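Below is one structure, written out as structure tokens, with a few remarks after it.
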Amino acid sequence: MPTFLVVIWKNTRMSFPDTTVKFLKHDLVICHSSWKMSGLTRLDGTSLPTKHGVLTAISLRYPQGVTQQQHGQWQLIAVHNTETLPRSG
């Protein structure tokens, strides 16, 4: 990992305070999560504000007929991550 990433992420904490999962079919789900990242720093060590965002993922369960190791496991087929602006007021 590049040194600058070690510095800015050294004390980072990430949480997912709100997550919903919706089954679109028995083997297909969509998941929406809000996230919060604190503890980021600049290269000089000064703190950066907490970041907020939304992560959306779509996952498909492997059907019968695939390898024994994969059967019944979930595979991510699409993920979108967006940083959001904090709400004011």
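Scanning region 46-68 for residues that are part of a strand (DSSP E or B) and either more than 16 Å from Leu85 (Cα to Cα) or out of contact with any strand residue (DSSP E or B) (no Cβ under 9 Å at 6 or more places or on another chain) (or both) returns Ser47, Thr56, Ala57, Ile58, Ser59, Leu60, Arg61.
Results for (1) surrounded by 10 or more Cβ atoms within 10 Å (Cβ to Cβ); (2) small (Gly, Ala, Ser); (3) within 20 Å of the chain's Cα centre (by Cα); (4) modelled with pLDDT of 95 or more, shown as yes or no for each residue.
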| position | (1), (2), (3), (4) |
| --- | --- |
| Ser34 | yes, yes, yes, yes |
| Thr50 | yes, no, yes, no |
| Gly53 | yes, yes, yes, yes |
| Ile58 | yes, no, yes, yes |
| Val66 | yes, no, no, no |
| Leu76 | yes, no, yes, no |
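Can you tell me which residue within region 1-45, out of those that are of a type in the set (A, V, I, L, M) and not in a strand (DSSP E or B), is farthest from Ile77 (Cα to Cα)? The selected residue is Leu43.
The values are calculated or read from the model by the stated rules, or taken from the named source; none is laboratory data. Note that the structure is a prediction, hence the values are computed from the model and not measured. Ideal geometry is used to build each Cβ from the backbone, glycine not excepted, and the neighbour counts take in all protein chains shown.
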